[in-house]
Amino acid sequence: MEPFVPKFQGRPWVSGVRALHVYVLPRPGVDDDLLAMAQVCRPILAGYPIDPQCGSEPDDAGLLHLTGEMLADAPAAEYDEAARAELANSLSAELSYVAAFTTEVGPPIGNIAGVVLDVWPDEDAVALIERIRAAIRKTRGDVALQHSGGRPHISLGYSWGSASSDPLNSELRNMVIPRRATLFVDRVHLLDVAWTLDEELGGWRMTWEPVAEIPLGR
């Protein structure tokens, strides 16, 4: 693995800059098997240069998320209240046609940027992401869609240094059982997300502020 560096508009992130994102967030009491898996992984990640995204308590989802889309046409500071409301309304209208669904995530896999849980089966998640992108395109145009998140996944932790992923994957394979968990998706969250370079950690840390919660299949 290598140090993870977030990007905005195709360039390395400027520390402290904020951008609007649409995420699916796992929830305590709903996605407990997923949160339990993340907790089992947490002490394993501590042995590597990886910043865990789940909280330290079993019912704390922390910053775990499945990315729907980043709005990359402008920093969040350039979205006034009217623009944010327009976007939330567009998402609400577009996602009213999407039914809630359950999928699975896992197993945990070390990669170049840390550790991820792939989403599989991914048909419903991919269809949801396409609806999110359609809503963004209607309000902000194609210029807002500049980034690809690749296959749907949840990041368990982002790497702040370099290390071999081979021993990490061996530990994850031997110690994390069961290796898959369910994720129930019945809403998305519009969030104001910041990445900040943490000098003490030596890597990047995410924070966010809620903007709107949009249910599926109204």
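The values are calculated or read from the model by the stated rules, or taken from the named source; none is laboratory data. Every value quoted in this text rests on a predicted model; they were computed, and no experiment measured them. Because the Cβ atoms are built from the backbone with ideal geometry, glycine has one as well, and the counts that use them run over all protein chains shown.
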**Item:** the stretch 101-125, residues that are of a type in the set (Phe, Trp, Tyr) and either within 22 Å of Ile44 (Cα to Cα) or part of a strand (DSSP E or B) (or both)
**Value:** Phe101
**Message:** Among the residues that make up the stretch 42-57, is at least one of them hydrophobic (A, V, I, L, M, F, W, C) and under 17 Å from the mean Cα position of the chain (by Cα)?
**Reply:** yes
**Prompt:** Can you find a residue in the stretch 7-20 that is of a type in the set (Ser, Thr, Tyr) and either modelled with pLDDT under 95 or surrounded by fewer than 20 Cβ atoms within 10 Å (Cβ to Cβ) (or both)?
**Reply:** yes
**Asked** Of Thr207, Thr182, which residue is farther than 28 Å from Ala74 by Cβ and of a type in the set (Ser, Thr, Tyr)?
**Response** Thr182
**Request:** Output the qualifying pairs, or none if there are none: Cβ atoms under 8 angstrom, residues six or more apart or on different chains, first residue in the stretch 47-65 and farther than 23 Å from Ser170 by Cα and in contact (Cβ under 8 Å) with a residue 60 or more places away in the chain, second residue of a type in the set (Gly, Ala, Ser) and outside any loop (DSSP other than H, G, I, E, B).
**Result:** His65/Ser155
**Request:** For residues that are surrounded by 19 or more Cβ atoms within 10 Å (Cβ to Cβ) and at pLDDT below 95, tally how many sit in the stretch 177-217.
**Result:** 0
**Request:** Taking Gln39 as meeting all but one of (1) over 15 Å from the mean Cα position of the chain (by Cα); (2) more than 30 Å from Ser164 (Cα to Cα); (3) not hydrophobic (A, V, I, L, M, F, W, C), write down the number of the exception.
**Result:** (2)
**Residue that is touching a helix residue (DSSP H, G or I) at 6+ places or on another chain (Cβ under 9 Å), farther than 17 Å from Thr182 by Cα and not in a loop (DSSP other than H, G, I, E, B), where the choices are Ala74, Ala88, Ala83** = Ala83
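Yes or no, residue by residue, for (1) more than 13 Å from the chain's Cα centre (by Cα); (2) buried (at least 19 other Cβ atoms within 10 Å of the Cβ):
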site	(1), (2)
Pro108	yes, yes
Val115	no, yes
Asp118	no, no
Asp124	yes, no
Ala134	yes, no
Asp142	yes, no
His147	yes, no
**Item:** Hits in the stretch 131-175 - residues which are part of a loop (DSSP other than H, G, I, E, B), at pLDDT 95 or above and closer than 26 Å to Glu104 by Cα
**Value:** Pro152
**Complete:** Within the stretch 91-100, of all residues that are assigned to a loop (DSSP other than H, G, I, E, B) and over 19 Å from the mean Cα position of the chain (by Cα), the one nearest to Leu183 (Cα to Cα) is Ala99
**Request:** Could you please let me know if Leu128 is surrounded by 14 or more Cβ atoms within 10 Å (Cβ to Cβ) and assigned to a loop (DSSP other than H, G, I, E, B)?
**Result:** no
**Complete:** Of (1) closer than 21 Å to Val211 by Cβ; (2) at pLDDT below 95, Tyr23 fails just (2)
**Message:** polar (S, T, N, Q) and within 22 Å of Arg179 (Cβ to Cβ): is that true of Thr139 in this structure?
**Reply:** no
